[in-house]
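A short reminder: the numbers here are calculations on the coordinates, not readings from a lab. For clarity, every value in this text was computed on a predicted model and none was experimentally measured.
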Amino acid sequence: MLRCDIITIFPDFFRETFAYGIIRRARAAGLVELEAHDLRRWTSDKHRIVDDRPFGGGEGMVLKPEPIFAAVRELTGAASRKDYASQTRVILLSPQGRVFTQAMAQDLSQQTSHIVLICGRYEGVDERVADELVTDEVSIGDYVLSGGEPAALVVIDALIRLLPGAVGNESSTTNESFTESLLDCPQYTRPPEFSGLKVPEVLLNGHHAEIARWRREAALKKTERNRPDLLK
Ligand SMILES: C[S@@+](CC[C@H](N)C(=O)[O-])C[C@H]1O[C@@H](n2cnc3c(N)ncnc32)[C@H](O)[C@@H]1O
C-alpha cells in the first residue's frame with residue numbers, strides 16, 4: 001500500500017479527480033491511500049496565514065516555512081530529511097525542480113511506501129523547505145503554473161498506474177511511450193474505414209509477426225518526427 005499526503009491550500013482541488021478511472025480503482029483496491037491536507041490546519045494565528053512578503057522586496061507573496069515544517073513533521077513523524085523512514089519521499093512541486101519523467105515515476109512507484117507532496121502557490125515556497133525537508137524537487141515541464149496542485153496530480157497519476165495491479169492488463173504499462181526510449185506506436189480501432197480514412201492494411205490481417213514489425217517501425221517514425229531527442 002502506497003500512502004500519498006498532499007499539502008495544499010486548495011484541498012478541494014483533488015476531491016473530484018480522485019474519484020475517477022485508475023485512481024479511483026486503485027484506491028478501492030487498497031493499492032493507494034490519498035489524502036489532501038489543508039495547509040492552514042498547521043497555522044497557529046487567528047487568520048490562519050500561510051504566506052508573507054518576500055525578503056529583499058519584489059512582487060507577490062511566498063508560502064511561509066512554519067506551517068509547512070509543522071505539516072511535514074507531523075505527516076512523516078520526522079524533524080528533517082535525514083530522519084525519514086527509508087521509503088519516505090517528500091516532493092516539492094516547483095518549476096525549478098528536475099523535470100519529471102517516466103523513469104522517475106517508475107522509481108517512485110517501486111521504491112516508496114509514503115510520499116508527501118508540497119504544492120506551492122504565489123511566488124513559491126520559502127527555500128528553507130527545500131533545504132531541510134525535501135528529498136525531490138520536481139517540475140512537470142518548462143513552463144510556469146499558478147500552483148503546484150495540477151503538477152501533484154500529474155505525478156500521482158503517473159505513478160499510481162505503475163503500481164502492480166492498478167491497470168487491468170499489465171502489458172498496457174510496459175509497452176507504453178518512454179519505457180524503451182521510444183514513443184508508443186499509433187493505435188486504431190473500428191471502423192476499418194471512416195470518411196475515406198483507412199486503417200493500415202497490415203493491422204487487419206491477423207499476422208502477429210508482421211503487426212509487431214509494423215508497430216516497431218511506426219513507433220520509430222513517430223519518435224523521429226515528434227521526439228528525436230529520445231533517440232540520441
Ligand atoms: C507561480 S509558481 C512560482 C514560480 C516561481 N516564482 C518561479 O519562477 O520559479 C507557483 C507554484 O506553482 C507550482 N509550479 C509552477 N510551475 C510548475 C512546474 N512547471 N512544475 C511543478 N510545479 C510548478 C510550484 O509549486 C510553485 O511554487
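Between Ala209, Ala151, Ala28, which gets the highest mean-square fluctuation from a Gaussian network model of the chain, Cα cutoff 10 Å? Greatest mean-square fluctuation among the candidates belongs to Ala209. Multiplying the residue separation of Arg53 and Arg225 by 0.36 nm and removing their Cα-Cα distance gives an extension gain of 57.3 nm.
What's the tally of Lys pairs in the chain whose alpha-carbon atoms lie under 26 angstrom apart, where the two lysines are 8 or more places apart or on different chains?
Summing the qualifying lysine pairs gives 6.
Under 10 Å, Cα contacts only: if you run a Gaussian network model on the chain, which one of Lys46, Lys82, Lys222 comes out with the highest mean-square fluctuation? For the chain, modelled as a Gaussian network with Cα springs under 10 Å, the answer is Lys46.
Evaluating 6.51 cos²θ - 1.76 cosθ + 1.60 at θ = phi - 60° for every residue in segment 51-62, the Karplus couplings come out as 9, 7, 6, x, 4, x, x, x, 6, x, 10, 10 Hz, glycine and proline recorded as x. Would the chain count as rounded, prolate or oblate if I go by the C-alpha gyration tensor, calling it rounded below 1.5 in a/c and otherwise prolate when a/b exceeds b/c, oblate otherwise? Here the chain falls in the prolate category.
Relative to the longest principal axis of the Cα atoms of the chain, helix 65-76 runs at roughly 60 degrees.
Return the single residue from Gly58, Gly124, Gly206 with maximal mean-square fluctuation; model: Gaussian network over the chain, springs between Cα atoms under 10 Å. Of Gly58, Gly124, Gly206, the most mobile in the Gaussian network model is Gly206. With an a/c value of 1.5 or above and a/b not larger than b/c for the gyration tensor axes a ≥ b ≥ c computed over the alpha-carbon atoms, segment 162-232 is described as oblate.
When a/c is below 1.5 the answer is rounded, else prolate if a/b is larger than b/c, else oblate, so apply that to segment 93-224 with a ≥ b ≥ c taken from the square roots of the Cα gyration tensor eigenvalues. Prolate, because a/c is 1.5 or more and a/b exceeds b/c.
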